[in-house]
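The values are calculated or read from the model by the stated rules, or taken from the named source; none is laboratory data. Not measured: the values here are computed from a predicted model. Reconstructed Cβ throughout: ideal geometry from the backbone, glycine too, with neighbour counts over all protein chains shown.
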Amino acid sequence: MASTSYLARVIISELGASEDIESVDFSGTYDLLVRAKSIPAPASAPNTVESTTLEDDTQTFEMGIKTSDSKEFTGNLEKQYLQKINGMNGKKLKIMQLYGTGGVGEVAKYAYVGQATATPSDVGGVDEILEMAVTVIPNTAATECTDDFTVVDNKDGTFTVTKASVGA
């Protein structure tokens, strides 16, 4: 069954000082990054590397690496999110992108470590909602982890992420 983008979310939690970014436990308490209006893909398609030789009559390719450029999330300009994100400027964050109409990633979850900063967006006219852009610089590759974690919306702006039960 198809899902809508309603309640697709991005949640964040500060990485503990002793946590190694290559072996992060993504369990814990998270906050909403921003009430998003747009969320970029967590990972990109891989580059293509040409493997054609002078013997081939058609170009051939091999799968290359995936790029991991900065990601820009858009939301309405809200002081609480702007200041919270900028208060974490430069810190490593655990980031989970949640997809599914229930708002807890029941269709797909992606997790990675990154750093975030927020700025007001350009104002384009006199009759529009002010927006902000949250730029996330990924420090690790995004990993699909839909069945590995359970996310609970605590209904107070926080989320609890736990490892899923084996065999559940």
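Residue pairs whose Cβ atoms lie under 6 Å apart, sitting 6 or more positions apart in sequence or on different chains, and linking a residue in the range 111-132 that is over 23 Å from L93 (Cα atoms) to a partner that is surrounded by 15 or more Cβ atoms within 10 Å (Cβ to Cβ), are L130/L77.
A single entry from T74, T4 fulfils the requirement of being under 25 Å from T160 (Cβ atoms) and of a type in the set (S, T, Y): T4. Scanning the range 31-85 for residues being under 15 Å from S121 (Cβ atoms), of a type in the set (D, E, K, R) and without any contact (Cβ under 8 Å) to a residue 60 or more places away in the chain gives a total of 3. Looking at K94, is it of a type in the set (D, E, K, R), over 12 Å from the mean Cα position of the chain (by Cα) and modelled with pLDDT of 95 or more? Taking the combined requirement at face value, the residue does not satisfy it. In a residue-by-residue description of the range 68-80, the property of being polar (S, T, N, Q), touching a Phe, Trp or Tyr at 6+ places or on another chain (Cβ under 7 Å) and either crowded, with 17+ Cβ neighbours inside 10 Å or closer than 24 Å to D153 by Cβ (or both) applies to no position.
Any idea which of T146, T135, T140, T101 is outside any loop (DSSP other than H, G, I, E, B) and polar (S, T, N, Q)? Result of the check over T146, T135, T140, T101: T135.
Exactly one residue out of L15, L32 is of a type outside the set (G, A, S), surrounded by 15 or more Cβ atoms within 10 Å (Cβ to Cβ) and under 13 Å from the mean Cα position of the chain (by Cα), and it is L32.
Taking the range 86-110 as the range and being more than 26 Å from A164 (Cβ to Cβ) and touching a residue at least 24 places away in the same chain (Cβ under 8 Å) as the test, the residues that pass are N86, M88, N89, G90, K91.
A quick yes/no check of all residues on (1) surrounded by 12 or more Cβ atoms within 10 Å (Cβ to Cβ); (2) modelled with pLDDT of 95 or more:
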{"site": "R9", "(1), (2)": "yes, yes"}
{"site": "E19", "(1), (2)": "yes, no"}
{"site": "S27", "(1), (2)": "yes, yes"}
{"site": "P42", "(1), (2)": "yes, no"}
{"site": "T53", "(1), (2)": "no, no"}
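Can you work out which of the residues in the range 129-162 that are surrounded by fewer than 17 Cβ atoms within 10 Å (Cβ to Cβ) and small (G, A, S) is nearest to the chain's Cα centre (by Cα)? This residue is A141.
For the range 60-80, the candidate set comprises residues that are in a strand (DSSP E or B) and hydrophobic (A, V, I, L, M, F, W, C); within that set, the residue that is nearest to I95 (Cα to Cα) is F73. If you go through the range 111-127 one residue at a time, do you hit one that is surrounded by 13 or more Cβ atoms within 10 Å (Cβ to Cβ), assigned to a loop (DSSP other than H, G, I, E, B) and of a type in the set (A, V, I, L, M)? No, because not a single residue in the range 111-127 is surrounded by 13 or more Cβ atoms within 10 Å (Cβ to Cβ), assigned to a loop (DSSP other than H, G, I, E, B) and of a type in the set (A, V, I, L, M).
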